[in-house]
Each structure stands twice: as structure tokens, then as C-alpha cells.
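Taking it in order: structure first as C-alpha cells, then the write-up.
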Amino acid sequence: ACLMVILSIAVSNAWAAGSALDQVRASLAQQLLSLGGQYEHGENLPQDYLRAAELYCDAARYGNAEAYYALGWMYGNGRGLERDERIAATLIAHSSRLGFEPAVNAQRFFGPSADVLPPCLAPRPAVAVNDPTVSDDANLDAVLIRLAPNKRRVALLIRLLAPQYAID
């Protein structure tokens, strides 16, 4: 019985940590999406379609349905990127599968997925676990989740802005 209580607590703590990590990832994706929109539309920032696409791609990697849609829209309309209807169809279809309503409607125009991802969403090559020169987002996420909320916000902001200033 004691073992069952310990296992129950361990499972509960693991689920809470996973849930908190999912919340951090969702929050980061939303911030990336928002910043991407500002760059795409020139809202309080200089208009920069390439930077917008990079940020949408980063948010999409975290599973943000709206980011898949925004990136697909850019590809489908040649908005700062070379027009590619196959990539657009794939991204819009994925956004639709994730339940983003505008993508559900837009899929009528873009058609079914062509299963062609943009380079930024292509699977990354495996790296050695102990390679200090490689940034491992999964390990960083595990560190971030253990930080106090105020420190986590600062770390996420640094993570978000570092690429703009070429900081690894």
C-alpha cells in the first residue's frame, strides 16, 4: 500500500511537470507567433518577412496551429518567401488538423496536404548528447521548467530575443 502511494505521488508529480512544461511551450509559441505577426505586418517593428517566417516556424515547432497557418499563408501567397503551393497546402492542412478554424476554411483553396515541409521544419539531424556546442531545446526546456516563474520569464525572453542579436 505504501508503494502504491509513493507511485501515485510520483506519477502525479511527473504529470504536473509535463503539464507545466506544455504550458511553458505553449506560452513561448504564442510569444513567437505574436512577434512574427509584428514583423510580418510592420507593427512597432520594421517589416521583415524573413524574420516573421523564422518566428512562425519556431512557433510551429512548438505545435502552434496558428503559426502553421501563418507560415502556410506566407508560402501560399509568396509573401516574403518564394511561393510554394505544396508547402502551403501541407502547412494549412496541418493547421486544420490541429483545429485552427481559419485553416479549416482555407484548406478548400489550398487543397490536401502535399507532405512537403519547408526547410525550417525539416527534421534536425541527431546530435551527440554530450556535445557542448549544440543547443538542445529539450534539455533547456527541462531546465526552464524548474526555474522560479520570474526567472523563467526572463530566460524565455532571452531565448526569444537571442537569435535577433546572433547570441547562441
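Quick note: the coordinates plus some simple rules give every number you see, no bench work behind them. Quick caveat, the model's predicted, so the values are computed rather than measured. So basically every Cβ, Gly included, is an ideal-geometry build from the backbone, and we count neighbours across all protein chains shown.
The slack in the chain from ALA148 to CYS120, taken as 0.36 nm per residue of separation less the alpha-carbon distance, amounts to 7.0 nm. Computed from phi, the 3J(HN,Hα) profile of region 149-154 under the Karplus parametrisation 6.51, -1.76, 1.60 (θ = phi - 60°) reads x, 5, 6, 4, 4, 5 Hz, with x in place of Gly and Pro.
Specify whether the C-alpha gyration tensor of region 19-118 places it in the rounded, prolate or oblate class, a ≥ b ≥ c being the square roots of the eigenvalues: rounded for a/c under 1.5, otherwise prolate if a/b is larger than b/c and oblate if not. Note, shape of region 19-118 comes out oblate.
One Cα centroid belongs to region 16-52, the other to region 60-80; the line between them spans 12 Å. The ARG83 and ASP141 beta-carbon pair, evaluated with R₀ = 45 Å, returns a calculated FRET efficiency of approximately 0.85.
Calculate, for PHE109 and LEU50, the FRET efficiency according to 1/(1 + (r/R0)^6) with r their C-beta to C-beta distance and R0 22 Å; round to the nearest 0.05. Walk me through the numbers before you get to the answer.
On the way: r = 24 Å, r/R0 = 1.11.
The computed FRET efficiency comes out at 0.35.
Approximating the spin labels as points 7 Å out from Cα along Cα→Cβ, the LEU21-to-LEU160 distance works out to 2.2 nm.
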